[in-house]
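Below: one structure, written as structure tokens.
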Amino acid sequence: MRNWFQINSLTLNFHKIHYIQFTAKSKPAVVAHISYRDNPIDITSCTKFLGLTLDSTLSWKTHTNQLSSKLNTACYVIRSMKSVIYTRDLRTIYFLMCIPS
């Protein structure tokens, strides 16, 4: 792996890197300690990947909670602004607020 990183002029940012261990809900996770060049890589129970929030059991609960919060905010803004601005502008506001971050 080290050679591949060197050939492609890549480095790992150990402040941002982590791994997730996928498990079944009913089975306990196996404890694994992963490191690269004596730098430990932290484990996490959920992470954001390509706009989706994944958790270690591959359930949608965390993702739907985050999405619901964003949509509630967008709906409030649209409802508050609908008597003031044009419909096309409301649509633009909706898409701006719902862009994955």
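The values are calculated or read from the model by the stated rules, or taken from the named source; none is laboratory data. No experiment lies behind these values; they were computed from the predicted model shown. FYI the Cβ positions are ideal-geometry reconstructions off the backbone, even for glycines, and counts take in every protein chain you see.
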Output yes when any residue across the stretch 64-79 is touching a Ser or Thr at 6+ places or on another chain (Cβ under 9 Å) and not in a helix (DSSP H, G or I), and no when none is. no
Name the pairs whose Cβ atoms lie under 6 Å apart, with the first residue in the stretch 25-36 and within 19 Å of Thr57 (Cα to Cα), the second not in a strand (DSSP E or B), and 6 or more positions between them or separate chains? Lys25/Thr57; Ala29/Gln21; Ala29/Thr23
Among the residues that make up the stretch 73-95, is at least one of them in contact with a strand residue (DSSP E or B) (Cβ under 7 Å, 6 or more places away or on another chain), outside the structural domain of Ile20 (by TED's automatic domain parsing) and polar (S, T, N, Q)? no
Is it the case that the stretch 81-89 has a residue that's in a helix (DSSP H, G or I) and of a type in the set (Asp, Glu)? yes
Among the residues of the stretch 29-46, write down those that are β-branched (Val, Ile, Thr) and closer than 15 Å to Arg2 by Cβ. Ile34, Ile41
Any chance you could count how many residues in the stretch 49-101 are under 27 Å from Tyr19 (Cβ atoms), in contact with a helix residue (DSSP H, G or I) (Cβ under 8 Å, 6 or more places away or on another chain) and not aliphatic (A, V, I, L, M)? 3
Does Leu96 satisfy being surrounded by 10 or more Cβ atoms within 10 Å (Cβ to Cβ), outside any loop (DSSP other than H, G, I, E, B), without any contact (Cβ under 8 Å) to a residue 24 or more places away in the chain and more than 13 Å from the chain's Cα centre (by Cα)? yes
